[in-house]
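The values are calculated or read from the model by the stated rules, or taken from the named source; none is laboratory data. Only a predicted model underlies this, so the values are computations on that prediction, with no experimental measurement involved. Neighbour counts run over all protein chains shown; Cβ positions are idealised from the backbone, glycine included. These accessible areas exclude ligands, DNA and RNA; they are computed on the full protein's heavy atoms, side chains included. Shrake-Rupley method; radii C 1.70, N 1.55, O 1.52, S 1.80 Å.
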Amino acid sequence: MVVRKVRACLVALLVMVVAAGTAGADAAPPGAGAADVDKGRMVRQGGSSYPRLVRLQHSGAADGRVLASMTTYVNDAGFAVIYESTDDGASFHPLGEIHDPEGQNKKGMCCSTLYELPRQVGDMPAGTLLWAGTAGVGADPDQRRSSIRVWRSDDHGRTWNFLSTIVQAPVGPGVWEPEFTVSERGDLVAFYSDDGDPKHDQKLVQVRSRDGRNWTDLRETVKNDKFRVRPGMSGVRWLPDGTYVMVYEVCNYDPVHICTVWMRTSRDGWDFGNPYDLGTEIVSDTGGQPLGTPTIAWAPGPGRNGRLLLAYQMLANHDGGWAPGNGRTLMVNDDPRNLAHGWREIPSPVQIKYNEGSVCRNFSPTTLPTRDGRSVIHMTTDFEYYVGGPCEAWFGTGPIDGGSASAAHPAQPVDPRPGR
């Protein structure tokens, strides 16, 4: 299918963009020539994509440490790098690496996630770290056999061992962007984007496991009968009242905006309702429309249920055109019981000048509250140089309350980027 080929080309381009960091790894110190990033510091040099942040909360003496994972590409091999912060996100240093043989020989790795088990699953105690990513993304679409592979760390991210394959796709279609939660029943649940159904260009699906090794009960999570509508890129968080909240993008559905952001809830972490119900669309209280690659984080807040932090790729006006805060904002909801209202824009700690859609600029950002809950650690990607250069990860910290998200840039027309 044409759209699937476009997606495959985008992923292959992402691999090349990240790989471009290899040749220039020693060309300049971190931060040099960063003409496209107004605010933020480079995490590492060498190419990065799909950053993810986790604070250890079930790991004994290691609790409080912040870990970051990213995928990269060196010598024709895609792999993951793990970084650690012991100063609440003020700085990061290398901790470990995950070299999956299924990502070597130009096969590539992408679309990864990082998760700390909040309770025991099988023989894995609370505090076990799980990393999962898509392997085999770099091959020609006619030969590609992508899979989602899970790795396990029992020493807080230093060393990793292969655990299982969640799904092995047939030749051609892709499986992307895994996300974990532990259900009320105690199962490890994995969500991912699947473009192998001939009736749907892409849909969100889920499976579950009692031990992290054997995956069963494949179930559709979100889908639409208009073939080109593509739900995907899910993120799930558990709230103090026991509610599970899921965020995801739905592309090619809105005629004005290419990839709008939606949410839904579950009482048990497995049943998220009718998959044909797209859920609740997110719009800020000032009319900002978040677009593409959303991620969600929980933070303590004014109410018992805390607050939600939403990161995304782009910000448009509700009725079209780029919003002034595009590339410069996150969103906060101080009452997660009402996802349809109360979203406010705040300045993002990492701020990007030119943000009109690409496989690098502000693609799949991630957030995490600081230990006191008053600020947000933000990590996202952008090119090292305004024109060209590798795709790199950048980070920063800023307040959740008290800032203004306004910007002086006028609204610009939205590039719809058909085929996302």
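A few comments on the model shown:
- Output for the stretch 178-192, where each listed residue is open to solvent by less than 10 Å² (accessible area, probe 1.4 Å) and among the charged types (D, E, K, R): Asp187
- Hits in the stretch 371-390 - residues which are surrounded by fewer than 24 Cβ atoms within 10 Å (Cβ to Cβ) and among the polar types (S, T, N, Q): Ser375
- Residue in the stretch 337-350 that is aromatic (Phe, Trp, Tyr) and open to solvent by less than 10 Å² (accessible area, probe 1.4 Å) present: yes
- Pairing residues of the stretch 27-47 that are under 13 Å from Pro390 (Cα atoms) and at pLDDT 90 or above with residues that are of a type in the set (Val, Ile, Thr) and open to solvent by less than 40 Å² (accessible area, probe 1.4 Å), at Cβ distances under 6 Å and at least 6 apart in sequence or on separate chains, gives Gly46/Thr72; Gly47/Val18; Gly47/Thr72.
- Of all residues in the stretch 273-331, those that are of a type in the set (D, E, K, R), surrounded by 21 or more Cβ atoms within 10 Å (Cβ to Cβ) and in contact with a His (Cβ under 9 Å, 6 or more places away or on another chain) total 1.
Residue-by-condition table, conditions (1) over 16 Å from the mean Cα position of the chain (by Cα); (2) under 26 Å from Ile148 (Cα atoms); (3) in contact (Cβ under 8 Å) with a residue 40 or more places away in the chain:
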site	(1), (2), (3)
Val229	yes, yes, no
Met233	no, yes, yes
Trp238	yes, yes, yes
Val245	no, yes, yes
Cys251	no, yes, yes
Cys259	no, yes, yes
Met263	no, yes, yes
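- Pairs linking a residue in the stretch 265-277 that is farther than 17 Å from Arg208 by Cβ to a residue that is outside any loop (DSSP other than H, G, I, E, B), with Cβ atoms under 8 Å and 6 or more positions apart or on different chains, are Thr265/Tyr244; Thr265/Val245; Thr265/Met246; Asp277/Arg264.
- Among strands (runs of 3 or more DSSP E) entirely within the stretch 217-284, having at least 3 residues that are of a type in the set (A, V, I, L, M) singles out 244-251.
- The set of residues in the stretch 75-101 being of a type in the set (D, E, K, R), touching a strand residue (DSSP E or B) at 6+ places or on another chain (Cβ under 9 Å), surrounded by fewer than 20 Cβ atoms within 10 Å (Cβ to Cβ) and not in a strand (DSSP E or B) consists of Asp87, Asp88.
- Residue selected from the stretch 61-74 under the condition among the hydrophobic types (A, V, I, L, M, F, W, C) and open to solvent by 20 Å² or more (accessible area, probe 1.4 Å), by the criterion nearest to the chain's Cα centre (by Cα): Val74
- Looking at Gly172, Gly242, just one residue is open to solvent by 10 Å² or more (accessible area, probe 1.4 Å) and modelled with pLDDT under 95, and that residue is Gly172.
- Just one of the listed residues (Arg267, Arg228) is under 24 Å from His341 (Cβ atoms) and open to solvent by 20 Å² or more (accessible area, probe 1.4 Å), namely Arg267.
- Filter result for Leu129 (modelled with pLDDT of 95 or more, aliphatic (A, V, I, L, M) and open to solvent by 30 Å² or more (accessible area, probe 1.4 Å)): no
- Yes/no for Val207 being open to solvent by less than 20 Å² (accessible area, probe 1.4 Å), farther than 21 Å from Leu278 by Cβ and free of Cβ contacts under 8 Å to residues at least 60 places away in the same chain: yes
- Hey, Leu368 over 27 Å from Lys223 (Cβ atoms), in contact with a strand residue (DSSP E or B) (Cβ under 8 Å, 6 or more places away or on another chain) and open to solvent by 10 Å² or more (accessible area, probe 1.4 Å) or not: yes
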